[in-house]
1. Out of all DSSP beta bridges with both ends in the chain, state the antiparallel percent to the nearest 5.
2. On average over all directions, what projected area in square nanometres does the chain have, based on the convex hull of its Cα atoms?
3. How large, in percent, is the carbon and sulfur part of the accessible surface of the chain at a probe radius of 1.4 Å?
4. Mind checking the per residue accessible area of the chain for me, 1.4 Å probe, whole number of Å²?
5. Quote to one decimal, in nm, the extra length available between Phe204 and Asp134 on full extension: 0.36 nm per residue of separation minus the C-alpha distance between them.
6. Quick one: length gained pulling Met41 to Ser184 fully straight, 0.36 nm per residue minus the C-alpha distance?
Amino acid sequence: MQLVATALRYEGFDVDTASTGRGALDRIAAFAPEMVVLDVMLPDLDGFEVVRRLSADGQRVPVLFLTARNDADDRVRGLTLGADDYLGKPFSVAELVARVHAVLRRTKIDDEPTRLTFADLILDTGTYEALRGDERIELTPTEYRLLQYLMLNARRVVSKSQILDHVWNYDFDGDASVVETYISYLRKKVDRFDPPLIHTVRGFGYSLRLPRDH
């Protein structure tokens with residue numbers, strides 16, 4: 001972890017560190033970082049539990065997982081909990097730094113519209129709130145970024161590879177099933193209201209639009 005901290009300090013980042021899961025929670029609360037680089041294997045709470053507790057406390061902070069456990073199930077589990085990227089060990093310092101910059105670019109909203117609307121769907125990029133009419137929709141950070149990307153491309157068809165590039169910024173070694181998983185999660189939240197807005201365009205991808213007969 002000291003190597004990671006040294007590399008990020010060399011890049012100009014202000015870095016704080018912790019060696020345990022509970023220590024990480026304490027330092028995140030005190031330091032209020034722009035993002036967290038988190039090892040899954042910690043001596044007390046694992047990284048998954050740290051992210052779960054952050055989410056339960058309403059703390060929305062981008063997370064990059066570092067782990068030797070590099071199979072698809074672990075990656076999907078981490079991303080389902082709200083992590084933003086997943087880097088398997090061993091990794092190069094250059095790749096780590098590139099991933100950190102990519103996560104920060106994706107989560108930076110200063111130049112984005114502060115309010116996106118489509119039909120009765122509203123996404124406030126200042127407060128991270130989503131509404132369908134007067135009903136609030138609770139989203140994980142990854143669901144939020146996916147919905148934001150769909151709304152920025154409303155009425156257009158976006159492919160799985162485009163979604164991976166813009167929402168995750170890498171392609172899970174070609175495994176695009178995570179996109180289907182998150183589209184399913186998002187539909188259960190957004191499309192529990194009528195009319196449904198998230199549509200599959202078979203052979204091409206997905207589109208945020210009103211039904212053809214609406």
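1. 70 percent
2. 12.2 nm²
3. That share works out to 48 percent.
4. 52 Å²
5. Value of the extension gain: 22.0 nm.
6. 48.6 nm
The values are calculated or read from the model by the stated rules, or taken from the named source; none is laboratory data. Everything numeric in this text was worked out from a predicted model, so none of it was measured. Note: areas computed on protein heavy atoms with side chains; ligands, DNA, RNA excluded. Shrake-Rupley method; radii C 1.70, N 1.55, O 1.52, S 1.80 Å.
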